[in-house]
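Engineer: I'd like to ask you about the structure that follows.
Derivation of every value follows stated rules applied to the coordinates shown; laboratory data play no part. Bear in mind that the values here come from a model prediction, so they are computed numbers and not experimental data. Every residue, glycine as well, gets a Cβ built from its backbone with ideal geometry; the counts of neighbours run over all protein chains shown.
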Amino acid sequence: MQASHCIAVEPLTVVSDFEGASVGDIEIDQAARSINFMPGGDPERGWPCWWYFRIDGIQPDETITLRLHGSTATVGKQKPLSASWAMPARATHSIDGETWLHTDKGQRDGQRMIYTLKPDAASVYVAWGPPYTPITANAFVRLIAEKSPHAEAAELCRSREGRGVPMLYVREGELETQKRFGVWVQARQHAWESGSSWVAQGFGEWLISDDANATWLRQHAEIFLIPIMDVDNTATGNGGKNAVPHDHNRDWSPQPHWNEIMAAQRKIGDLVGEGRMDVFLDLHNPGPGDASFFYVLPRDMLSEPMLSLRDRFIDLAYARISKMKPLIPMSNKPKVTGANYHPLWRQISSNWVSMNGNPHTVSLCLETVWNSPNSTTEGYRAVGANLAAAVQEYLAERPAKP
Ligand SMILES: [Zn+2]
C-alpha cells in the first residue's frame with residue numbers, strides 16, 4: 001500500500017579519496033537529499049577553509065542541498081577560523097572534474113551556508129572554488145611544453161614529502177641569457193587559494209600565444225612560472241596558510257623550512273647576481289570581502305628607481321585588469337605589508353625579493369578576488385593573461401640589457 005512512497009533511491013555518498021579532497025563532519029539526510037559538512041584539513045597544516053569532495057548516488061532531475069558549516073578545528077587554544085573564509089557566495093561544481101561552474105548564490109542559515117544544485121548526473125564534484133592540484137599543474141606544464149617549442153616542462157625541486165614541483169620555463173630565439181629580462185611568477189604559497197593557480201595558468205597560456213607582444217616577451221625575457229608552490233598541502237587538501245611552523249609566504253629567511261622556498265631563493269639569487277631580477281610576481285587570493293589588489297612595501301622603505309618602476313608596473317597592470325569584461329573588481333590602492341602587517345614581514349616573498357633584489361627589481365604580490373561572480377576559471381585566467389600583457393608592456397619600456 002505504501003509502495004509508491006518506497007521507490008528504491010540510491011543513497012547519496014560522499015567520496016574524498018582523491019588528490020586535493022577535503023571534507024569533515026559529514027551527515028547525510030537521505031530523505032531530504034541534503035549533506036551537512038565542514039572543511040576537512042589539519043589546522044596545523046594551515047587554515048581549514050578549503051573543501052572539495054564528490055557526491056555519488058544522485059538521481060536524474062533531483063536537487064541536492066549542501067549545508068556547509070565553518071571548521072571547528074583549532075590549533076592549541078586559538079579560536080576556530082572565521083567561517084567566512086570557507087563560505088563563498090557561490091560554491092563551485094563540476095560533472096567531469098574539468099569544467100567548473102558556480103552554483104546559484106548560497107543562503108546563509110544561522111551557522112550554515114546552504115547551496116543547492118541540480119547536477120543531472122549520477123556524480124558531482126563540489127568545492128570552495130575551482131580546484132587546481134599538482135596533477136592539474138603537471139598536466140598544464142606538459143601540455144604547454146608540447147604545444148610550444150619555446151616552453152619547457154621543468155621542476156623547481158622536490159617537496160618535503162617528495163612530490164615534484166612543476167615549473168614552466170619559457171624563452172624564444174637566440175638572444176643570449178645575460179641580455180634577457182628575468183621574470184618570475186609563482187602561485188599558491190597558500191594551498192587553499194586555488195584561484196591563484198588559475199591566474200598563473202592564464203599567464204602561461206598568454207605567454208605561448210601567437211599575440212605579437214607574447215612573442216616579444218618570449219624573445220626578450222626568460223620566464224619561470226610555478227603554478228603551485230605548496231604542492232604538499234595542495235595535494236592533501238590542507239589550507240597551508242599559517243601552517244606550523246609558518247607558511248611558505250613567511251619562510252623567505254636565510255634558513256628556509258620549505259624546499260620550494262630554498263629552491264626559489266637560489267634561482268632568484270642567480271637572477272639578482274646577474275642584474276636580471278626584473279619582475280617578480282607572487283599570486284594569491286585575498287579575504288572574502290576584498291576586491292583584487294597588489295600588496296607592496298611601504299614607500300619609505302624603497303628607494304629609486306625601484307619605487308617609480310613599481311608604481312609604473314602597478315599602473316599598467318591595473319589599467320588592464322580593471323577594464324576586463326566581464327568585470328573582475330580591482331582596487332587601484334595597493335595595501336602595505338610592512339612591519340605593522342605581520343611580525344615575519346621580512347620573510348614574505350615579495351618583500352624578500354624587493355629587499356634582496358636589484359635596484360630596478362619590481363616585486364609584487366597580486367591578490368585576485370575570489371568571492372565574485374566572475375571568480376571562475378575563465379575569470380582567473382583572463383586576469384593572468386592581462387597580467388602577462390602588463391609585464392610585456394612594462395619591459396618594453398625598459399632599456400635593453402647591456
Ligand atoms: Zn595568500
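Engineer: How tilted is helix 259-273 with respect to the longest principal axis of the chain? Cα atoms for both, answer in degrees (0 to 90, nearest 10).
Structural biologist: For 259-273 against the chain, the angle is about 20 degrees.
Engineer: Residue 187's amide H: which non-local residues (gap 5+, or another chain) put their own amide H closer than 5 Å, with H modeled 1.01 Å from N in plane and none for Pro or chain starts?
Structural biologist: Amide H to amide H, under 5 Å and 5 or more residues apart or across chains, residue 187 pairs with 226, 228, 229, 283.
Engineer: With just the Cα atoms defining each centre, how far is the range 207-273 from the range 129-156? Give it in Å.
Structural biologist: With the range 207-273 and the range 129-156 each reduced to a Cα centre, they are spaced 14 Å.
Engineer: A follow-up question, please. Which residues in the range 271-312 place their backbone N less than 12 Å from a point set 7 Å from the Cα of residue 356 along the Cα-to-Cβ direction?
Structural biologist: Flagged as within label range: 271-273.
Engineer: When the Debye formula is applied to the Cα atoms of the range 3-127, each taken as the same point scatterer, what base-10 log of I(q)/I(0) results at q = 0.11 Å⁻¹?
Structural biologist: -0.38
Engineer: Before rounding to the nearest 500, sum -39500 (n - 2.57) across all DSSP H runs of length at least 4 in the chain and divide by the residue total; then give [θ] at 222 nm in deg cm²/dmol.
Structural biologist: Counting only the DSSP helices, I get -8000 deg cm²/dmol.
Engineer: Run through the range 113-181 and list the GluC sites (Glu not before Pro) located in a DSSP loop whose Cβ has at most 15 other Cβ atoms within 10 Å.
Structural biologist: Details: sites: 146, 152, 155, 161, 172, 174, 176; in loops: 161, 172, 174, 176.
For GluC sites (Glu not before Pro) across the range 113-181 that sit outside H, G, I, E and B with at most 15 neighbouring Cβ atoms in 10 Å, the list reads 161, 174, 176.
Engineer: Let me ask something else. Counting other beta carbons within 10 Å of each Cβ, put 220, 342 in order, fewest first.
Structural biologist: Working: 220 21, 342 15.
With the sparsest Cβ surroundings first, the list reads 342, 220.
Engineer: Taking the Cα atoms only, what angle lies between the long axis of helix 377-396 and the longest principal axis of the chain, rounded to 10 degrees?
Structural biologist: The helix 377-396 is inclined about 0 degrees to the chain.
Engineer: Here is a further query. Each residue of the range 107-117 in order: what ³J(HN,Hα) in whole Hz does its phi give by Karplus 6.51 cos²θ - 1.76 cosθ + 1.60, θ = phi - 60°, with x for Gly and Pro?
Structural biologist: 10, 6, 9, x, 6, 10, 10, 10, 10, 10, 8
Engineer: Find the relative contact order for the chain and round it to a whole percent, using C-alpha pairs within less than 8 Å whose residues are 6+ positions apart.
Structural biologist: On the way: 932 pairs, mean separation 68.4, N = 402.
Computed value for the chain: 17 percent relative contact order.
Engineer: How many percent of the alpha carbon pairs in the range 226-274 exceed a separation of 12 Å?
Structural biologist: Numbers: 764 of 1176 pairs.
In whole percent, the share of Cα-Cα pairs in the range 226-274 beyond 12 Å is 65.
Engineer: Using the Cα centre of the range 158-279 as the reference point, and only Cβ charges (+1 on K/R, -1 on D/E), how large is the resulting charge dipole? Debye, rounded to the nearest 20. Spell out each step's value before the answer.
Structural biologist: Details: 13 positive and 17 negative charges, 65 e Å.
Here the size comes out at about 320 debye.
Engineer: In the range 3-127, what percentage of the DSSP-assigned beta bridges are antiparallel, given to the nearest 5? Could you put the intermediate results ahead of the total?
Structural biologist: Working: 28 of 32 bridges.
The antiparallel proportion sits near 90 percent.
Engineer: Could you give each residue of the range 183-192 its phi-based ³J(HN,Hα) in whole Hz, using Karplus coefficients 6.51, -1.76, 1.60 with θ = phi - 60°, and x for Gly or Pro?
Structural biologist: Along the range 183-192, the couplings run 10, 10, 10, 9, 10, 6, 5, 10, 4, 5 Hz.
Engineer: Exposure proxy check: 369, 383 ranked by fewest other beta carbons within 10 Å? Intermediate values should be presented prior to the final figure.
Structural biologist: Numbers: 369 25, 383 29.
Least crowded to most crowded, the residues run 369, 383.
Engineer: How many nm is it between the label spots at residue 82 and residue 65, if each spot is 7 Å from the Cα in line with the beta carbon?
Structural biologist: Between residue 82 and residue 65, the simple spin-label model gives 2.8 nm.
Engineer: Continuing with this model, one more query. Would you work out which of 246, 195, 151 lies farthest towards the positive end of the dipole of the range 134-396, given +1 charges on the beta-carbon of Lys and Arg and -1 on that of Asp and Glu, about the Cα centre?
Structural biologist: Farthest towards the positive end: 246.
Engineer: Given that compact globular proteins tend to follow 2.2 N^0.38 Å, what is the ratio of the alpha-carbon Rg of the range 358-402 to that value? Present the calculation step by step, with values, prior to reporting the outcome.
Structural biologist: Working: Rg = 14.2 Å, N = 45, 2.2 N^0.38 = 9.3 Å.
For the range 358-402, the normalised Cα radius of gyration comes out at 1.52.
Engineer: Please order 52, 380, 125, 169 by the number of other Cβ within 10 Å, starting at the fewest. Working shown, then result.
Structural biologist: Numbers: 52 25, 380 30, 125 21, 169 17.
Ordered from fewest to most neighbouring Cβ atoms within 10 Å, 52, 380, 125, 169 come out as 169, 125, 52, 380.
Engineer: Taking the Cα centroid of the range 8-23 and of the range 184-200, what is the distance between the two, rounded to the nearest whole Å?
Structural biologist: Comparing the Cα centres of the range 8-23 and the range 184-200, I get a distance of 26 Å.
Engineer: I've got another one for you. Using the Cα centre of the range 299-385 as the reference point, and only Cβ charges (+1 on K/R, -1 on D/E), how large is the resulting charge dipole? Debye, rounded to the nearest 20. Could you put the intermediate results ahead of the total?
Structural biologist: Working: 10 positive and 6 negative charges, 34 e Å.
The calculation lands at about 160 debye.
Engineer: Going by amide H atoms built from the backbone, whose H comes under 5 Å of the H on residue 181, apart from near neighbours?
Structural biologist: Correct list: 221, 222.
Engineer: Quick one: putting +1 on the C-beta of Lys and Arg, -1 on the C-beta of Asp and Glu, what dipole do you get for the range 134-396 around its Cα centre, in Debye to the nearest 20? Intermediate values should be presented prior to the final figure.
Structural biologist: On the way: 25 positive and 29 negative charges, 69 e Å.
Dipole magnitude for the range 134-396 comes out near 340 debye.
Engineer: Around residue 308, with a cut-off of 15 angstrom between Cβ atoms, what is the net charge of the other residues, counting Lys and Arg +1 and Asp and Glu -1?
Structural biologist: -2
Engineer: Calculate the length of the line joining the C-alpha centroid of the range 276-329 to that of the range 68-102, in whole Å.
Structural biologist: That distance is 27 Å.
Engineer: Under the 0.36 nm per residue contour assumption, what length would be gained going from the current alpha-carbon distance of residue 118 and residue 99 to full extension?
Structural biologist: Values: separation 19, 0.36 × 19 = 6.84 nm, distance 1.56 nm.
Working it through step by step, the gained length comes to 5.3 nm.
Engineer: Another question, if that's okay. Using modelled backbone amide H atoms (1.01 Å from N, in-plane), which distant-in-sequence or interchain residues come within less than 5 Å of residue 280's amide H?
Structural biologist: Here the answer is 184, 362, 363, 364, since their amide H atoms fall under 5 Å of that of residue 280.
Engineer: On the first, second and third principal axes, largest extent first, how far apart are the outermost C-alpha atoms of the range 134-396 in Å?
Structural biologist: The principal-axis extents, from largest down, are 44, 42, 41 Å.
Engineer: Select from 305, 382, 217 the residue farthest towards the positive end of the dipole of the chain; place +1 on Cβ of Lys and Arg, -1 on Cβ of Asp and Glu, and compute about the Cα centre.
Structural biologist: Working it through, the farthest residue towards the positive pole turns out to be 305.
Engineer: If I stretch the segment between residue 111 and residue 25 completely, what's the gain in nm (0.36 nm per residue apart, minus their alpha carbon distance), one decimal?
Structural biologist: Details: separation 86, 0.36 × 86 = 30.96 nm, distance 1.42 nm.
Difference between extended and current length: 29.5 nm.
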